Structure formats: structure tokens, C-alpha cells
Amino acid sequence: ETSFRRALATLERLVPDSLEVAGALSNLGNATAARGDVEAAEAHYLRALEIASRLDPAGAAEATVRTSLGDLAWERGDLETAARELRRALAIRERLEPGSAATAKVLSELGSVLADVGALEDGRSSLERAVSILERVAPGGLTLAGAVSNLGATTLAAGDAGAAERLQRRALALQEVLAPASIQHAEILYRLARALREDARTTLRALGEVPA
């Protein structure tokens, strides 16, 4: 974080009110968000957004900051704001670089937010689009593993435990090659366990061995 602050100070002196300053503010926002200072992160993002949207309206820098604002809102439980910012970011990405990994990232995050607010079909559709893009442009990557796992979680919420299990196993296979013993690895294992439990309960209910 200290390095980002120094970079920002340098850029504000050399190229004040520039997209470079907006980028530095965005990076500083990411660093402060990572250590849990949500208010400071939001302030940095909003400063970055003001500059980016004025100097390059609906440009890549604005899309990046809006994605960060959406993620921040999602983390603090403000799903309405998260969905709004991610939709705005997605509209920009789809105009500038449809079919890119950056577009897929926004689709994946938006899909999870929509699922959290109960819009399961819209969420699932967004996540399926993200997975489809990533299979082409970043196969075998961690971003794909995360998107597949998010799709599995949404599929389970929609009531298809069998499909959710298959998706989580696919995500796990990717994750274990690239980053075992990580937080995302643990998350996928937890989601797989939930899918297995619900699949077992569905089977037992069909056999009449547990109450519906």
C-alpha cells in the first residue's frame, strides 16, 4: 500500500488530473480494500471514477473502477449497488472488448450478485456466458475455476444438485492444479460438500427415506 501511495503522489505531481492518476487511485483502492478498510477504498475508487469518467467517458478505466465499486458493494452486502455498478461496467466492456477475459470477469461477478438477490436464471445465464468466454480465451486458468464454481453454486440454489456437483468437481480439478491449499480451493471444497449433501438428500427423498 505504501508503494501505491508513493506512486500516486508522484503521478499527481507530474501528470495531475490524468488517467494515470485514476489508475493509481484504483490500485490504492484495491490495496486498502484488501486490508479491510472499505471506507478508504471507496473514497479512492470514487476519486478514480470522477477522473476516468470525465477524461475518458465509458472507457476501459471507468469500467475497471466500476467493477471495483461493484465488488466492494457486494462484499458489504449492498447488492443493489453492486448489480448497478457491475451492469455499467459490463456495458462498457461489451462495447470495447466483447469476448475478452475482462468481460468474462464482470459477467461472472454480476451473475453471482444476481443469484444472491434471487434472480437465479439471470445469474445462471450471466455465469454461463462467462464460462463460455473463458473456455476460449483462458482455458485452464483460475478465473475459469472461479466462474465454474460460481455457476455450480447458482445451479445448486436453482435446485439441480447433480449438475452443481459436476461443476464443482470441474472447478476443483482446475484449482488443485493451479492453486491448491488456497482460499478459493477451500471455497470450492465447501461448495462441493454442499452439493453432495443436497444430492444425497434428494436421492433419499425420492426413496421415501427422509421427509421432503
Between Leu142 and Thr203, what is the spin-label point distance in nm, taking each point 7 Å from the Cα along the Cα→C-beta axis? 3.4 nm
Kirkwood-based Rg over Rh for region 32-79 (C-alpha set), two decimals? 1.00
In Å and whole numbers, how far do the C-alpha atoms of the chain stretch along each principal axis, longest first? 71, 33, 31
Region 97-209 - accessible surface per residue (Å², probe 1.4 Å): 49 Å²
For the charge dipole of the chain, defined by +1 on Lys and Arg C-beta atoms and -1 on Asp and Glu C-beta atoms about the Cα centroid, which residue among Gly208, Ile51, Leu120 has the Cα displaced farthest towards the positive pole? Gly208
With +1 assigned to the C-beta of every Lys and Arg and -1 to the C-beta of every Asp and Glu, and no other charges, what is the dipole magnitude of the chain about the Cα centre in debye, to the nearest 20? 340 debye
Can you send over the carbon and sulfur percentage of the accessible area for the chain, probe radius 1.4 Å, protein chains only? 54 percent
Subtracting the Cα-Cα distance of Val38 and Leu55 from 0.36 nm times their residue separation yields 3.6 nm
In nm, spacing of pseudo-spin labels at Arg13 and Ala186 (7 Å Cα→C-beta vector): 4.2 nm
By the Cα gyration tensor axes a ≥ b ≥ c (a/c under 1.5 gives rounded; else a/b larger than b/c gives prolate, otherwise oblate), the shape of region 130-179 is oblate
Could you order peptides 48-61, 10-23 by the average number of other Cβ atoms within 10 Å of their residues, highest first? 48-61, 10-23
Going by average Cβ neighbours within 10 Å, how do the peptides 140-147, 89-96 rank, with the highest at the top? 140-147, 89-96
Once the mean of 1/r over all distinct C-alpha pairs in region 123-212 is inverted, the Kirkwood radius in Å reads 13.4 Å
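The values are calculated or read from the model by the stated rules, or taken from the named source; none is laboratory data. Since the structure is predicted, the reported quantities are computational estimates derived from the model, not experimental observations. Neighbour counts run over all protein chains shown; Cβ positions are idealised from the backbone, glycine included. Ligands, DNA and RNA are excluded from the accessible area calculation, which covers all protein heavy atoms including side chains. Shrake-Rupley method; radii C 1.70, N 1.55, O 1.52, S 1.80 Å.
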